[in-house]
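The values are calculated or read from the model by the stated rules, or taken from the named source; none is laboratory data. Not measured: the values here are computed from a predicted model. Cβ atoms come from the backbone with ideal geometry, glycine included; neighbour counts cover every protein chain shown.
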Amino acid sequence: MTAPAQLFAHLSQPARLLGTAGLTLAIGILWVGCGLQDQPGADSKWEWALPPGFPTPKVPEDNPMSAAKVELGRFLFYDRKLSFNEGQSCASCHRQELGFSDGLPLSFGTTGVMLPRNSMGLANVAYQSTLTWANPNLKTLEDQIVIPMFGEEPVEMGITGHEEEVLGRFQGDAEYVERFAAAFPDEDDPITFGNIIKALASFCRTMISGNSPYDKWSYQGDEGAMSLSAKRGLNLFFSEQLECFHCHGGFNFALSTTYEGINDEPFAFQNTGLYNVDGEGSYPVGATGLYEFTGEPGDMGKFRTMSLRNVTVTAPYLHDGTAATLDDMLDIYAAGGRIVEGGANAGDGTANPHKSGFVSGFVLTDQQRIDVMAFLESLTDETFLSDPSLSDPFVTSGSN
Ligand code: HEC
Ligand code: HEC
């Protein structure tokens, strides 16, 4: 199966696969080097501590990065005061040890109402060209973060109608008054929702995961970092037999990757044959993917290709959390989609007419399955999952 060249032009197969470690490393250094010089609008004091091989994230001109803003964002991210009833923080649904996912099939908002989607991990979210599972119009973290804070259908943090009360909690807290002043030094009255969103977005941009065994092997020259089994799994992942790499490609193992210097818009949305409720390719009501936003029949069931970084800790999987394990995920791809046996969503997803040609099924030996799993495990970055600069400041400072 071949793809239109431009669709996947920005994706690179790891050079290590071809045995040119030096090249990969050189490109990595070049990327990092270039990036530091031409960050638009970035605070001159801000320096990205990017892992080797990682390009510079795009940053909106009106929200340059700064250490004070990132630190404020970290406090806000972990603070339950941000939800109207002080029941939830961002971290309630985005837990660091789970790659900033929440371990549930579907998340619950602060009033206990169930959300229609699975909470995805936030590793490398700075590189996403679009945010959330299927919305093509949410292109910046600043735009996305409004939703959990103010969304009413469903309520997540439920601030709408409680704006003054929520803001008052921060205005009346001497430590926050200082942190906001440091983060927004040119403003007389910096404690605003606009600035809360800017700080949260800046913090989320620093959630960069690039120190997994795969990274150590691929970009840092550490031959022993990946087991032989994981290396065999990598070759399978990048083979025309499994086809995974066509969608989960590049340094972030995703289709939706953007960064400084990239101008084309990656097309991230794919139908992987999970449902076929009417025999004509329909997905369940309320979970139709890109179709919900475009109304184009061909967009039925298309969801964003998720990054596979830290995927071993972000279970359960898929937009609706209906795959419990990575084994279940491999079963789906091996079958060329999913047959849902009973219930309201019954149907043969493998025969979904909108399904990508890359999801056509394959047979794996037991050893090959073990190898693919070992490769996926090699994308788990323990440093990231316990990085103190991303962790709950209230636990370490003991102030909450
Ligand atoms: C009630 C649970 C919940 C809370 C609270 C919550 N989120 Fe989320 N978050 C989710 C879910 C579910 C999604 C996927 C939404 C979708 O696709 O429709 C998501 C998506 C995101 C994304 C998009 C990630 C991507 O790869 O596209 C970001 C960024 C994010 N959340 C940050 C935050 C921040 C910052 C806060 C606090 C202001 C927050 N979230 C609060 C559940 C939650
Ligand atoms: C046609 C593009 C495509 C191909 C090929 C593909 N994937 Fe995916 N993958 C996706 C999309 C899209 C999703 C999200 C689907 C959804 O939730 O509806 C996904 C989700 C996943 C997830 C769950 C991620 C999460 O956080 O929930 C895993 C794991 C995964 N893919 C692994 C693989 C592996 C392994 C292969 C090769 C056997 C593969 N994928 C091939 C597009 C693809």
Exercise for the section: Check whether at least one residue in the stretch 310-322 is on the phi > 0 side of the Ramachandran plot and either of a type in the set (A, V, I, L, M) or not assigned by TED's automatic domain parsing to the domain that holds residue 354 (or both), and report yes or no. Expected result: yes
Practice task
With the condition kept exactly as written, say whether any residue in the stretch 261-283 is aromatic (Phe, Trp, Tyr), within 11 Å of ligand 2 (Cβ to nearest atom) and without any contact (Cβ under 8 Å) to a residue 60 or more places away in the chain.
Solution key: yes
Problem - Some residue of the stretch 285-292 being at pLDDT 95 or above, in a helix (DSSP H, G or I) and not assigned by TED's automatic domain parsing to the domain that holds residue 370 - result: no
Handout entry: Qualifying residue in the stretch 299-317 (condition: of a type outside the set (S, T, N, Q) and more than 16 Å from ligand 1 (Cβ to nearest atom))
Key = yes
Exercise for the section: Given the conditions (1) of a type in the set (Val, Ile, Thr); (2) more than 15 Å from ligand 2 (Cβ to nearest atom); (3) surrounded by 22 or more Cβ atoms within 10 Å (Cβ to Cβ), report the number of the one that residue 177 does not fulfil. Expected result: (3)
Practice task
Go through the stretch 261-276 and give me each residue that's away from ligand 1 (no atom under 16 Å from the Cβ) and surrounded by fewer than 19 Cβ atoms within 10 Å (Cβ to Cβ).
Solution key: 261, 262, 263, 264
Problem - Selection within the stretch 293-325 - hydrophobic (A, V, I, L, M, F, W, C), assigned to a loop (DSSP other than H, G, I, E, B), near ligand 2 (Cβ under 10 Å from one of its atoms) and over 19 Å from residue 378 (Cα atoms) - result: 318
Fill in the blank from the handout: Per the filter on the stretch 157-168, residues surrounded by 14 or more Cβ atoms within 10 Å (Cβ to Cβ) and in a helix (DSSP H, G or I) are 166, 167
Exercise for the section: Would you confirm whether any residue within the stretch 318-327 is away from ligand 1 (no atom under 13 Å from the Cβ), touching a Lys or Arg at 6+ places or on another chain (Cβ under 9 Å) and charged (D, E, K, R)? Expected result: yes
Exercise for the section: Might you check whether a residue that is surrounded by fewer than 20 Cβ atoms within 10 Å (Cβ to Cβ) and in contact (Cβ under 8 Å) with a residue 24 or more places away in the chain occurs anywhere in the stretch 194-204? Expected result: no
Practice task
Scan the stretch 292-312 for residues that are buried (at least 21 other Cβ atoms within 10 Å of the Cβ) and within 17 Å of the chain's Cα centre (by Cα) and jot them down.
Solution key: 302, 303, 304, 305, 306, 307, 308, 309, 310, 311
Exercise for the section: Taking only the stretch 326-362 into account, find how many residues are at negative phi, away from ligand 2 (no atom under 13 Å from the Cβ) and without any contact (Cβ under 8 Å) to a residue 12 or more places away in the chain. Expected result: 3
Practice task
Would you be able to tell me the number of residues in the stretch 213-234 that are surrounded by fewer than 24 Cβ atoms within 10 Å (Cβ to Cβ), in a loop (DSSP other than H, G, I, E, B) and of a type in the set (Ser, Thr, Tyr)?
Solution key: 1
Problem - Verdict on residue 250 being under 27 Å from residue 373 (Cα atoms), modelled with pLDDT under 95, within 22 Å of the chain's Cα centre (by Cα) and surrounded by fewer than 22 Cβ atoms within 10 Å (Cβ to Cβ) - result: yes
Exercise for the section: May I ask you to verify whether residue 130 is under 30 Å from residue 264 (Cα atoms) and within 10 Å of ligand 1 (Cβ to nearest atom)? Expected result: yes
